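Enquirer: I have a structure here, written as structure tokens, and I will follow up with some questions on it.
The values are calculated or read from the model by the stated rules, or taken from the named source; none is laboratory data. The model shown is predicted, which means the values in this text are computed figures rather than measured ones. A quick note on method: Cβ atoms are made from the backbone with ideal geometry, for glycine too, and the neighbour counts reach across all protein chains shown. Areas reflect the complete protein model, heavy atoms only, side chains present, ligands, DNA and RNA absent. Shrake-Rupley method; radii C 1.70, N 1.55, O 1.52, S 1.80 Å.
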Amino acid sequence: MHHLDTAMALGRLSAFRDEFYACLSRRADALFELTDAVLCLDGPVRTLVETSLAAEHRRGHGSLYAGLAHGRVEIARLRCALASQPLPKAADGRLVLAVDVTSWLRPEAHTSPERILCHTYGRGKDTHIMVPGWPYSVVCALETGRHSWTAPLDAQRLAPGDDAATVTATQLRRVVTDLIDARQWQPDDPDILIVADAGYDGPRLAFLLADLPVVVLVRMRSDRVLRRSTPPRTPGTRGRPRRHGGEFVFGDRATWGEPDVTIHTETRLYGPAHARAWDRLHPRLTHRTAWAAHRGTLPVLDGTLIRLEVDRLPSGAIPKPVWLWYSGTDQTVSDVDRLWQAFLRRFDIEHTFRFFKQTLGWTAPKLRTPDAADRWTWLILAAYTQLRLARRLAVDLRRPWEKPTRPERLSPTRVRRGFRHLRAQAGCPARAPKPSRPGQGRPPGRRNRQPADRHDVHIVTTTTPRKSRSGTPRPRRTG
């Protein structure tokens with residue numbers, strides 16, 4: 001790397017560390033050194049207390065828990081600091097945002113409030129287990145190419161009773177607004193692409209974010225049914241005009257018709273890839289579930305439906321067709337080819353979640369309150385952002401059994417190995433600790449007279465009521 005580029009990258013890292021320290025308005029020194037210990041610890045973070053053994057952590061182990069329990073993080077300011085950093089873009093200069101939910105499982109934390117049942121996969125095929133925990137919705141900016149880097153921009157915990165679609169739309173609106181304020185998006189730039197998996201209602205997200213410069217690409221379940229546009233009305237026909245055309249049943253090839261776009265591509269990982277697209281398909285909405293509170297006539301949300309088929313998967317599993325719905329219409333061959341490749345990049349967010357949990361120890365602490373969990377989550381996001389900014393500065397400290405890698409191809413784990421040397425150059429705004437003595441605590445032999453309250457696990461409910469035997473409405477359970 002050129003000397004000027006190195007100085008600019010180091011200055012950007014140092015400026016972010018100063019801004020991150022300014023976002024810590026209470027117990028700033030303890031929280032900042034805790035983040036540095038996470039970045040500089042040898043090996044993965046297994047427990048929270050072992051981070052106090054790092055040389056970068058100059059305080060006692062009690063400050064770790066005190067900082068997370070009583071500290072304060074200015075989340076709005078830190079979110080703006082993340083949005084103002086250099087962000088990756090697609091080949092056409094478009095920002096691509098991926099949103100997904102990852103869970104912090106707490107099955108035995110009976111004294112922790114606001115736990116809900118989180119969906120997890122079992123060991124067997126098609127087995128699902130609901131485990132109590134704290135689910136977090138995370139938004140990341142995606143890069144192009146084969147690697148495991150993303151740019152986390154926001155994380156929000158889903159509280160009991162929250163509607164996932166409404167919370168996600170509010171979160172995405174906040175992130176897109178921050179990107180526009182940070183001048184990451186200009187009026188002449190292409191619309192921001194939002195990519196999500198099958199757990200999200202793509203048409204509803206597109207409807208709620210229609211006033212923003214965004215387009216939505218989501219995967220749909222293989223048992224869905226969409227509708228075509230209304231055919232031209234025959235002169236002399238009586239009655240109410242039709243709002244929906246014929247059905248497009250995913251599982252019935254007889255209803256598909258001829259695709260508007262057909263693409264055949266040779267890929268290295270997946271073999272031959274076949275993509276077909278049908279224009280102007282929409283779901284038939286009803287005044288139920290998420291649309292129950294909608295007043296007036298329900299909208300007709302036309303989009304482009306893409307069916308992707310590949311010959312093989314890198315894991316060796318049997319590939320299944322993937323159905324994608326895009327909120328735009330009249331897409332060309334190059335547009336459809338770009339869309340399905342952008343969706344495959346969505347799986348990079350899974351690498352980020354795995355790095356959070358297995359290396360940075362996001363789910364390792366046994367924190368009691370959800371507020372402390374939120375503070376720890378934002379510390380992890382700030383730590384990962386520092387690794388991303390140090391990506392061009394790190395030296396490859398590879399193990400003897402690892403292959404040499406170019407500096408721009410280093411993984412987050414290998415960048416973290418050399419962060420201890422970069423930390424000395426970037427500076428540390430945290431102040432030195434003052435000498436003190438720990439408190440005496442509870443006298444030995446005296447029992448705890450104030451046991452913690454126990455909280456039940458919340459069950460997710462829908463907005464559609466159903467009547468009980470006595471005739472009174474009651475919520476319908478979904479978990």
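Enquirer: Return the pairs, sorted by first residue and then second, in which the second residue is open to solvent by less than 10 Å² (accessible area, probe 1.4 Å), the first residue lies in region 162-183 and is assigned to a loop (DSSP other than H, G, I, E, B), the beta carbons are less than 6 Å apart, and the residues are 6+ apart or on different chains.
Expert: Close Cβ pairs (under 6 Å, with a partner that is open to solvent by less than 10 Å² (accessible area, probe 1.4 Å)) amount to ALA182/ALA83.
Enquirer: If you don't mind, there's one more thing I want to ask. Check LEU212, LEU226 and return the single one that is among the aliphatic types (A, V, I, L, M) and either open to solvent by 20 Å² or more (accessible area, probe 1.4 Å) or more than 24 Å from LEU172 (Cβ to Cβ) (or both).
Expert: LEU212
Enquirer: Moving on to the next point. Could you tell me whether any residue of region 396-406 is under 30 Å from LEU10 (Cα atoms), modelled with pLDDT of 95 or more and hydroxyl-bearing (Ser, Thr, Tyr)?
Expert: no
Enquirer: Specify the residue that is farthest from the chain's Cα centre (by Cα); the eligible residues are those in region 64-77 that are under 10 Å from LEU31 (Cα atoms) and surrounded by fewer than 21 Cβ atoms within 10 Å (Cβ to Cβ).
Expert: Only one residue fits best here, namely ALA66.
Enquirer: With (1) in contact with a strand residue (DSSP E or B) (Cβ under 8 Å, 6 or more places away or on another chain); (2) surrounded by fewer than 21 Cβ atoms within 10 Å (Cβ to Cβ) as the list, and PHE32 as the residue in question, which single condition is left unmet?
Expert: Going through (1) in contact with a strand residue (DSSP E or B) (Cβ under 8 Å, 6 or more places away or on another chain); (2) surrounded by fewer than 21 Cβ atoms within 10 Å (Cβ to Cβ) one by one, PHE32 breaks only (2).
Enquirer: Restricting attention to region 230-267, report how many residues are outside any strand (DSSP E or B), in contact with a His (Cβ under 9 Å, 6 or more places away or on another chain) and open to solvent by 50 Å² or more (accessible area, probe 1.4 Å).
Expert: Counting residues in region 230-267 that are outside any strand (DSSP E or B), in contact with a His (Cβ under 9 Å, 6 or more places away or on another chain) and open to solvent by 50 Å² or more (accessible area, probe 1.4 Å) gives 1.
Enquirer: Mind telling me which of the residues ASP189, ASP126 ends up being open to solvent by 40 Å² or more (accessible area, probe 1.4 Å), on the phi < 0 side of the Ramachandran plot and either modelled with pLDDT under 95 or assigned to a loop (DSSP other than H, G, I, E, B) (or both)?
Expert: Exactly one of ASP189, ASP126 is open to solvent by 40 Å² or more (accessible area, probe 1.4 Å), on the phi < 0 side of the Ramachandran plot and either modelled with pLDDT under 95 or assigned to a loop (DSSP other than H, G, I, E, B) (or both), namely ASP189.
Enquirer: Among the residues of region 332-372 satisfying the criterion of being aliphatic (A, V, I, L, M) and outside any helix (DSSP H, G or I), which is surrounded by the fewest Cβ atoms within 10 Å (Cβ to Cβ)?
Expert: Applying the filter and picking the extreme gives ALA364.
Enquirer: Do you know which residues across region 129-159 are among the β-branched types (Val, Ile, Thr), within 18 Å of the chain's Cα centre (by Cα) and open to solvent by less than 50 Å² (accessible area, probe 1.4 Å)?
Expert: If the condition is that a residue be among the β-branched types (Val, Ile, Thr), within 18 Å of the chain's Cα centre (by Cα) and open to solvent by less than 50 Å² (accessible area, probe 1.4 Å), then VAL138, VAL139, THR150 are the ones that fit.
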